[in-house]
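Structure, as structure tokens:
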Amino acid sequence: MGSGDFELIFDRVGHFGRSQIFLYFVCAFQNISCGIHYLASVFMTVTPQYVCKPPGNVSLVLFHQHIIWDLEDIWTLFSPGQEDHVALQLQDGSIWELLGCRMFRREDAVYLEYDYHGSLRDVPCSDGYVYDRSKWESTVVTEWNLVCHREWLAKLIQPVFMLGVLLGAVMLGYLSDRVGRRLILWCTSIGQLLFGIAVAFMFDYYSFMVTRFLLAMVASGYLVVMFVYVTEFIGMKARTWASIHVHSFFAIGIMVVALVGYLVRTWWLYQIVLSVVSVPFVLCNCMLPETPFWLLSQARYEEAQEVVDTMAKWNRVSSCKLSELMSLDLNGPVGNDLSKVKKHHIADLFRDRKIAIRTLSIWLTWFTGSLGFYMFSLNSVNLGGNEYLNLFLMGAVELPAYVFVCIGMDKVGRRNILTFSLMLSAVICGVIMGIPQDYHIWGVVAAMAGKFAIAAAFGLIYLYTAELYPTVVRTQAVGSGSMMCRVGSIIAPFYIYLKSIWIFMPQLLFGAVAFLSGGLTLMLPETLGKPLANTWEEAAKLESGNESSLGKLLPTTDTIALEKIDVINPRESGLCE
């Protein structure tokens, strides 16, 4: 039973009719919540300016030449990055100097003055910290004092979440093969709602991290299985555009994070609002049927027939009999006995020197795409100006990027678009490094251009990888690339922290990686207009452009489904945000 057999079903009931449109948008709109939770930490973990909290009631505060009565009012006098101390007098008459992570008592001071050259006694910040609450009433950082010697705990929040993304994709993808797509979609959709709200009510840092880890697993599981689900319901004629534009809903989720972050400035309330945004789509998930592909793979033919009949009814066309339409003996061994199928492993991706170079180049591109995607998104709040608008624009710029990919890849080729996007992102990183820091508008524009370029590469790499490898190892190639993609998303937050070494260190390192990836992509064969390869010999002919012996197969322009694979494996679907 090959993918061509399933295309016969779509030829009869419609490739993207009313039934598929409904299922697609219900699933895709719920993908907004994945984008929300993946990027929610951008504002949730904001570290405001802070100083040590003095051990007593304050009577007078002095900052340079400014006298203040309330310590909470000093933040209007601070400039970003300023590290000047605060001098103050307590009601018991003692005089203190406050810094971000240190506090000193002036031993011989008689009266309050800003500049003091006498003896100082170092005192630990045992009473906590005073935070600037002018922008955010509370964040995770202020809730549990994740500053100074505990700052590393705050830096672990996003990488640990991405580790949950990695494990969730593998585990829940496997379960969807065993128990079905519909059940996993329903469970992960509800899980995002419940775990998302539960995060807001965690009583300490560690329970917060565990709950967010579980949230990451279900969000990742939904993202992967949803992609497989909609792909198995959409015919070849609409599959390419539909699969690439699934990313657009993730981008809308990023825009929602920016909007809610602007309106809600308390982290736990912010988390609740973000979590309930997708409630209407959670309720719609109960209406989703199981995919006929999976039902047929489980020999549940009557249920598969019912789903196809319902699709035909919605699309206002005549239904078809699966037993008559498909080239399959439903009572024979062809469709059910997979024991004689040769197993292939990841080592097959390194079978010779040329294939090994191809695999390493593709892996690096997957890694680069994910690294750049999250680097530009997470760093948007550090660009100056309005950080909420910056993040919103970082999400909005993805929408035209995916349109650009869909049009460009069929005009000038997959390799050319991918190389152009990677090289452009590298060049833009160099441009960003040359923009003065006080020209924040130009910095935002350049960052948007970089996000556009890397989003275009990110949206194309799955399709291109599937076309570069033969049927026998195609899912291995896409699945391993997806794993490298998630490695990039785990490392991306640490890239942002490199700005403490040098402000442009993230752009410098990423630009070098993107340039290398673009250069290696030029060594890959073009797949535009060429049929999918079924054997290694056919895949090797891609290098020389010799298609004569490949036969007249379906063109790859609209072929996302993997040839001769009955059901797409969600563990290896390659969708990685």
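Quick look at the values:
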| read-out | value |
| --- | --- |
| Estimated FRET transfer efficiency (GLU137, ILE503; beta-carbon r; R0 30 Å; 0.05) | 0.55 |
| Relative contact order (%) - criterion: Cα under 8 Å, at least six apart; region: region 151-282 | 34 |
| Solvent-accessible heavy-atom area per residue, rounded to whole Å², over the chain at 1.4 Å | 41 |
| As computed over region 112-183, the Cα convex hull volume per residue (Å³) | 171 |
| Which listed pairs, of LYS321/LYS411; LYS354/LYS451; LYS237/LYS313; LYS135/LYS499; LYS321/LYS530; LYS313/LYS411, have C-alpha distances above 27 Å, in listed order | LYS321/LYS411; LYS354/LYS451; LYS321/LYS530; LYS313/LYS411 |
| Apportionment of accessible area to carbon and sulfur, region 63-165, percent (1.4 Å) | 49 |
| Mean Cα-pair separation over length for the chain, i.e. relative contact order, pairs under 8 Å, 6 or more apart, % | 20 |
| Extreme residue, positive dipole direction of the chain, given options ALA304, ILE254, THR142 (C-beta unit charges) | ALA304 |
| Exposure rank, largest accessible area first [CYS429, CYS148; 1.4 Å] | CYS148, CYS429 |
| Under Karplus coefficients 6.51, -1.76 and 1.60, residue-wise ³J(HN,Hα) of region 85-96 in Hz, glycine/proline x | 7, 10, 9, 8, 10, 8, 5, 7, x, 6, 10, 10 |
| Cα-based shape type of the chain, given that a ≥ b ≥ c are square roots of the gyration tensor eigenvalues and the cut on a/c is 1.5 | prolate |
| Per-residue SASA entry for THR231, accessible area with 1.4 Å probe, Å² rounded to 10 | 10 |
| Nearest-ten-degree value, helix 181-199 long axis tilted from longest Cα axis of the chain | 0 |
| Net length gained if the chain between LEU360 and VAL179 were fully extended (0.36 nm per residue, minus Cα distance) | 61.8 nm |
| Solvent exposure ordering (accessible area, 1.4 Å, most first) of SER248, SER119 | SER119, SER248 |
| The chain: angle of helix 205-233 to the longest principal axis, Cα-based, in degrees nearest 10 | 30 |
| Region 108-161: chymotrypsin sites (Phe, Trp or Tyr not before Pro) in DSSP loop, at most 13 other beta carbons within 10 Å | TYR111 |
| Amide N proximity, region 117-154 versus ASP84 label position 7 Å along Cα-to-Cβ, cut-off under 18 Å | 117, 132 |
| Table column - 3J(HN,Hα) (Hz), region 23-39, Karplus curve with 6.51, -1.76, 1.60, x for Gly and Pro | 4, 4, 6, 4, 5, 5, 5, 5, 5, 4, 5, 5, x, 4, 6, 5, 10 |
| Heavy atoms of SER275 accessible to a 1.4 Å probe, total area in Å² rounded to 10 | 0 |
| Long-range amide H partners of PHE63 with built H, under 5 Å | ILE68 |
| Residues of region 11-50 with amide N under 18 Å of the 7 Å Cα→Cβ point at CYS406 | 15-32 |
| Net lengthening on full extension, ALA540/ARG316 (0.36 nm per residue, minus Cα-Cα) | 76.2 nm |
| Residue order for HIS247, HIS149 - accessible surface, 1.4 angstrom probe, largest first | HIS149, HIS247 |
| Helix 3-13 axis, angle to the chain major axis (alpha carbon atoms, nearest 10°) | 90 |
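The values are calculated or read from the model by the stated rules, or taken from the named source; none is laboratory data. Computed from a predicted model, the values in this text were never measured in an experiment. A quick note on method: Cβ atoms are made from the backbone with ideal geometry, for glycine too, and the neighbour counts reach across all protein chains shown. What goes into the accessible areas is simple: the full protein's heavy atoms, side chains included, and nothing from ligands, DNA or RNA. Shrake-Rupley method; radii C 1.70, N 1.55, O 1.52, S 1.80 Å.
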